[in-house]
Amino acid sequence: MKKFYTALCAMAITTMAFAEGQQVPNGGFEEAWGDCIPWTSTGNKTKFGTTPASWTIANVYYKPFSFIDGSTKVGEQVAGHESEKAVSLYNSPNSVVKTQIVPGYITLGTPWNTSVMGNENDGGSFDGIEFTERPTAISFWYKRSHGVCPEDAKDNVKATYNADEQATVVAYLWKGTYTQVSVPAAIAMSGTPESVDMVNRDRNILSMETIKGGNVTYTDGAECIAKINYAIKGDAEDWTYLEIPFEYLSDATPEKLNVIFSAGDYFSTTPGRDNTLTIDDVKLVYATPEEPGERVTYTGTLNIDLRVAMDSDDAVMDMPNQKLYITPTGEGKCTLSILGLKLGEGDEAMNLGDIVVPNIAVTENDGVKEYNGTGTVKLLGDAIVANAVITGTEDAEGNISLLINVSWSQPNDIKVTFNGKKDPLASIGSIDADENAPAEYYDLRGIRHNADTLAPGIYIKRQGTKTTKVVVR
């Protein structure tokens, strides 16, 4: 059994995934890191530090004279979550004025900052990437820590630490163009930093007040369509998974997306010294919407045949007493679901997750139903993402036989079959039983959670014979 698990995991790591919905570019930060050229209103072209492809770390470059270098790095490459690369962000003391703390953040847009000898501070991100879809949530793995102030530190140094500061995740979808005039966007030793007309500034899109800058104008129809402004509190020494739902404000189609991760309170101008946030495996989540209709339950044997994929005659597994659900969705369509799929039993069981395939065509002739459809199968926390072709029949007595051909690293290299029978009691159900049954909550990776300690995210709620999607904010 353990050999079977090991082989399955190894295949997941080396497989090309089939995307379901537009994703953030380079969400695992594994692509080549290149030179970081901090943007300023004065047109800086000097390289300072490195940054992952498609993202920009908010390093600060300021060197007015050869003997004064106020440049400060706030991010670097580190080992990732089960991968080679991740991004470590940190609020760092300015290289010249140590009591001036530079915020550490990374963005899909363009980071910027302004300051006059440690005063008149402002900054953030503007613009983003072209994006036209409506994800349900954003997920990622992270570590988190706070700086420790030395006991013998001077009072002005002690004031730069903040052991209670949050880290921040900001993401937003929008359409149209926002322009704010006269935004100072450079560092100066005195006077007023050079200003620019800034396009698609984060605060403007999110309808937040700005510290610096003039009037804001926007094109007809411009609007913020969805947003996230989430606080990560406390520390996390080990890699921790988090999934945060978008708050949708409009049913419009987006044109752009920006995502920002910050080691501190992103919208504050007083970041806490040495506070850190390390992130990896950033993904957008496209959850299957809640389906209407009465769900029908089947009990049978699920067989997974990996002999071709693993080139082994032993790579076959039968899972008896498996539940399969079919939910009619109208117009000759249904959704097929296998929830909380596990390999093995007890404490050694491997949580594979949920198989949910919508839009399967259903036709009926002489009492025999035929099922035909294609969809995406996600297992092992999205480590396995593959296309599936489903065919099968169900006779008048409720005996069902399904074949699921999974296209993974090569065509049809995994064959999954389900042979079972309709469960009349579970299919008809009981209103009283549904209402009185204990509710079970599973995340989108198929892992069960305590109802009293649900973190923000999207869950499958199963109560009796009813299954619904639940968003916890």
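Data table
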item: Largest to smallest principal axis extent of the C-alpha atoms in segment 120-274, angstrom; result: 57, 45, 19
item: Rounded to 5, the percent of DSSP beta bridges in segment 109-191 classed as antiparallel; result: 75
item: Inter-label distance for Asp69 and Glu31, nm, one decimal - labels placed 7 Å from Cα along Cα-to-Cβ; result: 3.0
item: Shape call, segment 21-285: gyration tensor on alpha carbons, a/c limit 1.5; result: oblate
item: Those lysines that a straight Cα-Cα span of less than 16 Å connects to Lys47, excepting residues fewer than 8 apart in one chain; result: Lys63, Lys73
item: Cβ-based exposure ranking for Asp281, Asp423, Asp235, in which fewest neighbours within 10 Å come first; result: Asp235, Asp423, Asp281
item: Additional length obtainable on full extension of the chain from Thr301 to Val96, 0.36 nm per residue less Cα span; result: 67.0 nm
item: Calculated FRET efficiency for the pair Glu237/Glu151, C-beta based, R₀ 25 Å, to 0.05; result: 0.65
item: Full-extension gain in nm, Ser182 to Glu120, via 0.36 nm per residue minus C-alpha separation; result: 20.9 nm
item: Cα-centre dipole for segment 21-285 with unit charges at Cβ (Lys and Arg positive, Asp and Glu negative), debye to 20; result: 580
item: Sorted peptide list for 451-458, 331-338, criterion being average Cβ within 10 angstrom, highest first; result: 331-338, 451-458
item: Lysine pair count for segment 195-329 [Cα-Cα under 22 Å; pairs on different chains or 8 or more apart]; result: 4
item: Under-5 Å amide H pairs with Val259, H placed in peptide plane, nonlocal only; result: Leu108, Gly109
item: Where labels lie 7 Å past Cα in the beta-carbon direction, separation of Ala396 and Lys333 in nm; result: 3.0
item: Label-point gap, in nm, between Thr374 and Val308 - each point 7 angstrom along Cα→Cβ; result: 1.6
item: Amide N of segment 110-144 lying under 13 Å from the label point, which is placed 7 angstrom from the Cα of Ser83 along Cα→Cβ; result: 139-142
item: By average C-beta atoms within 10 angstrom, highest first, the peptides 245-257, 86-98; result: 86-98, 245-257
item: Percent of beta bridges antiparallel (DSSP, segment 21-285, rounded to nearest 5); result: 95
item: Spherically averaged projected area of segment 50-159 from its Cα convex hull (nm²); result: 10.1
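Throughout, read-outs are computed from the coordinates displayed, never taken from laboratory work. Since the model is a prediction, treat every value here as computed from it, not as a measurement. A quick note on method: Cβ atoms are made from the backbone with ideal geometry, for glycine too, and the neighbour counts reach across all protein chains shown.
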